[in-house]
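Chemist: Here it is, the structure, as structure tokens.
The values are calculated or read from the model by the stated rules, or taken from the named source; none is laboratory data. Keep in mind that this is a model prediction, so the values were computed, not measured. Neighbour counts are summed over all protein chains in view; Cβ atoms, including those assigned to glycine, are modelled from backbone coordinates with ideal geometry. Note: accessible area is taken over every heavy atom of the protein model, side chains too, but ligands, DNA and RNA are not part of it. Shrake-Rupley method; radii C 1.70, N 1.55, O 1.52, S 1.80 Å.
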Amino acid sequence: MSEINLQGYMSSAIRRIMAKAYRNVLSNPREAKTVFRLQNTFIKSESRRKAVAKECGVEVPPFLICSISTECNLSCKGCYARANGIADNPGKSTRPTLTPEQWRGIFEEASELGINFALLAGGEPMMRKDILEEVAKVEDMIFPIFTNGTLIGPSYIAFLKEHLNLIPVISIEGAEHGTDTRRGKGIYKRAMLSVEELHKEDLFFGVSITVTTENFALVTSDEYVDHLRELGCKLIIYVEYVPTEPGTEHLAFGEDDLDMMESVQAHQRERYDDIIIISFPGDEKHMGGCLAGGRGFFHIAPDGNAEPCPFSPYSDSNVLSLGVKGALQSPLFKKLRAVHLVGGEHSGGCALWEHREEVEGMVNSQTAALKE
């Protein structure tokens, strides 16, 4: 798939998502007004991305993934953020972090370039309310917040009601047993309390489910999705498990699992017109391969390093010094595209994780060349 076709495909997907989101919030006039405004804004964003591509030769993706917190109050098994050194226990992280004002500046530039969404992760992003308060002021972007849901109380509910461009996405592993096994005893019930509060206030929210070979049948069943719908869930993001922890490779999808996932999702999207359903990285199969490295998105680490994706924590540029546009022209990103590690043949799974030694070698060789 060509880059022009990819941009058209992704822009069309955003329009479909926003149209469905608008239908889903018609019962809440305030949210409907916000989504309607953003629909119009995002049409203009398509033009901005095309203009930048024409003027500067830089393809601007509609998404960013940003790890804004270096701390987490949980220690989930197989956590990529801990495995990659992004997150640590509260008070233990020594990694530099950007200030709330710096994050806001990054997103203001991103918005001007036509970027629509910044997925906020960590660590636990809700441990950095100071950052969320600042970035919420960038009203022309939507910020899905990937959270474990344990910190959503009355003050956060009030905050989310005031800033409807912040969308909580609560991470669970299916039912209580699976969630507590990975995240800790009692975490599922605490997360469900947050779900109840969000539903009570008629706020738009979603869930993120790490899907494995073990929980696949449960979390993709009609009964399970029906349950989420009853709880008020309007967005489901299936994240295919990446085996960052040795000995868990059996939990990752094989080709047969990926084919089954695709079939199930086709059924789900037909059956559930009132829920937005996304699969990552499975949906990349229809977009000509991996979308990382600026092709469809890139990852901004807590210190501002521009990385291909959260599962590939290697960088040769920083958005604080180069800006978002400059980071998109990263030599590393260009190399990844040239050797087809992004945008190449895609058979499922995480391409950059599978080739992590090769990606690291690219960065090391580039660093060595600069020193000569």
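Chemist: Which pairs do you get when a residue that is closer than 12 Å to residue 50 by Cα, found in region 1-27, comes within reach of a residue that is modelled with pLDDT of 80 or more, reach meaning Cβ atoms under 6 angstrom, with the pair 6+ apart or on two chains?
Modeler: As it stands, the answer is 3/59; 11/46, since those pairs meet every condition given.
Chemist: If the Cβ limit is 8 Å and pairs must be 6+ apart or interchain, which residue in region 186-200 that is open to solvent by 10 Å² or more (accessible area, probe 1.4 Å) pairs with which residue that is among the polar types (S, T, N, Q)?
Modeler: So the pair list comes out as 187/148; 187/150; 187/179; 188/179; 190/150.
Chemist: Residue 18 versus (1) at pLDDT 85 or above; (2) open to solvent by less than 40 Å² (accessible area, probe 1.4 Å); (3) farther than 29 Å from residue 331 by Cα; (4) hydrophobic (A, V, I, L, M, F, W, C): which is the lone unmet condition?
Modeler: (1)
Chemist: Just need a number here: residues in region 149-167 that are within 16 Å of residue 72 (Cβ to Cβ) and open to solvent by less than 10 Å² (accessible area, probe 1.4 Å).
Modeler: Residues in region 149-167 being within 16 Å of residue 72 (Cβ to Cβ) and open to solvent by less than 10 Å² (accessible area, probe 1.4 Å): 2 in total.
Chemist: Another question about this same structure. Of 203, 218, which residue is outside any helix (DSSP H, G or I), open to solvent by 10 Å² or more (accessible area, probe 1.4 Å) and of a type in the set (A, V, I, L, M)? Steps first, please.
Modeler: Numbers: 218 fails: outside any helix (DSSP H, G or I).
Exactly one of 203, 218 is outside any helix (DSSP H, G or I), open to solvent by 10 Å² or more (accessible area, probe 1.4 Å) and of a type in the set (A, V, I, L, M), namely 203.
Chemist: Could you tell me whether residue 38 is under 19 Å from residue 112 (Cα atoms), part of a strand (DSSP E or B) and open to solvent by less than 70 Å² (accessible area, probe 1.4 Å)? Write out each step before concluding.
Modeler: Numbers: under 19 Å from residue 112 (Cα atoms): yes; part of a strand (DSSP E or B): no; open to solvent by less than 70 Å² (accessible area, probe 1.4 Å): yes.
It is false that residue 38 is under 19 Å from residue 112 (Cα atoms), part of a strand (DSSP E or B) and open to solvent by less than 70 Å² (accessible area, probe 1.4 Å).
Chemist: I've got another one for you. Which residue, of 118, 110, is at pLDDT 95 or above, crowded, with 23+ Cβ neighbours inside 10 Å and part of a strand (DSSP E or B)?
Modeler: Working: 110 fails: part of a strand (DSSP E or B).
Exactly one of 118, 110 is at pLDDT 95 or above, crowded, with 23+ Cβ neighbours inside 10 Å and part of a strand (DSSP E or B), namely 118.
Chemist: How about region 240-251: which of its residues are open to solvent by less than 30 Å² (accessible area, probe 1.4 Å) and touching a Cys at 6+ places or on another chain (Cβ under 9 Å)?
Modeler: Those that are open to solvent by less than 30 Å² (accessible area, probe 1.4 Å) and touching a Cys at 6+ places or on another chain (Cβ under 9 Å): 240, 242, 244.
Chemist: Kindly indicate the residue of region 129-149 that is in contact with a Ser or Thr (Cβ under 8 Å, 6 or more places away or on another chain) and either part of a helix (DSSP H, G or I) or closer than 23 Å to residue 280 by Cβ (or both) and also modelled with the lowest pLDDT among those meeting that condition. Write out each step before concluding.
Modeler: Step one: list which residues in region 129-149 are in contact with a Ser or Thr (Cβ under 8 Å, 6 or more places away or on another chain), which gives 131, 138, 140-141, 146-149.
From what's left, either part of a helix (DSSP H, G or I) or closer than 23 Å to residue 280 by Cβ (or both): 131, 141, 146-149.
Details: 131: 98, 141: 94, 146: 97, 147: 98, 148: 97, 149: 97.
Result: 141.
Chemist: Give the residue that is nearest to residue 222 (Cα to Cα), with candidates limited to residues of region 255-274 that are of a type in the set (A, V, I, L, M) and open to solvent by less than 80 Å² (accessible area, probe 1.4 Å). Lay out the reasoning, then the answer.
Modeler: So in region 255-274, the residues of a type in the set (A, V, I, L, M) come out as 258, 260-261, 264, 266.
Next, from what is left, pick out any that are open to solvent by less than 80 Å² (accessible area, probe 1.4 Å): 258, 261, 264, 266.
Values: 258: 18, 261: 13, 264: 10, 266: 13 Å.
Out of the qualifying residues, it is 264.
Chemist: Name the residues in region 134-191 that are touching a Leu at 6+ places or on another chain (Cβ under 6 Å) and aromatic (Phe, Trp, Tyr), would you?
Modeler: 143
Chemist: Can you name the condition, by its number, that residue 211 falls short on among (1) open to solvent by less than 10 Å² (accessible area, probe 1.4 Å); (2) under 21 Å from residue 24 (Cα atoms); (3) touching a helix residue (DSSP H, G or I) at 6+ places or on another chain (Cβ under 8 Å)?
Modeler: The failed condition is (2).
Chemist: May I pose another question? Just for region 61-86: of the residues that are more than 11 Å from residue 301 (Cβ to Cβ) and of a type in the set (A, V, I, L, M, F, W, C), which one is least open to solvent (accessible area, probe 1.4 Å)?
Modeler: 64
Chemist: Would you pick out the residues in region 164-185 that are touching a residue at least 24 places away in the same chain (Cβ under 8 Å) and part of a helix (DSSP H, G or I)? Before you say what the answer is, go through the steps one by one.
Modeler: Let us first name the residues in region 164-185 that are touching a residue at least 24 places away in the same chain (Cβ under 8 Å), namely 164-175, 178, 181-184.
Correct list: 178, 181, 182, 183.
Chemist: When residue 139 is evaluated against the numbered criteria (1) out of contact with any Phe, Trp or Tyr (no Cβ under 9 Å at 6 or more places or on another chain); (2) over 17 Å from residue 25 (Cα atoms); (3) of a type in the set (Asp, Glu); (4) touching a residue at least 60 places away in the same chain (Cβ under 8 Å), which criterion, by number, is the only one it fails?
Modeler: (4)
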